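Down below is the structure, laid out as structure tokens.
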Amino acid sequence: MFENLSLPHLLMVVAVAVLVFGPKRIPEIGGSMGKAIREFRKNFAGTGGDALSGLSDAPPPPARTASDEATVPVEGSEPKRLLN
């Protein structure tokens, strides 16, 4: 992703950051970014570290076919679907 990022590019980014935020605010911004990253990692690790951990292992529902839509529902069965 950062294959073409060289030392002059990094120095230019740092110079722009110093010009925009000022030399006194750079450590504050770095500290708050560090806190945010630590908090994100802590919260993500609290969920088990797996984004899919809450999903069940049940098989997916069967795929719908054209014949499913062509049937007329029987009175008292499932409600009609208004949207596909």
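The values are calculated or read from the model by the stated rules, or taken from the named source; none is laboratory data. Here the structure is a predicted model, which means the values were calculated and not measured. Ideal geometry is used to build each Cβ from the backbone, glycine not excepted, and the neighbour counts take in all protein chains shown.
Values as computed for the structure displayed
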quantity: Pairs with Cβ under 9 Å, 6+ apart, first in region 24-44 and of a type in the set (A, V, I, L, M, F, W, C), second not in a helix (DSSP H, G or I); calculated: F44/A51
quantity: Residue within region 47-61 that is surrounded by fewer than 10 Cβ atoms within 10 Å (Cβ to Cβ) and modelled with pLDDT of 75 or more present; calculated: no
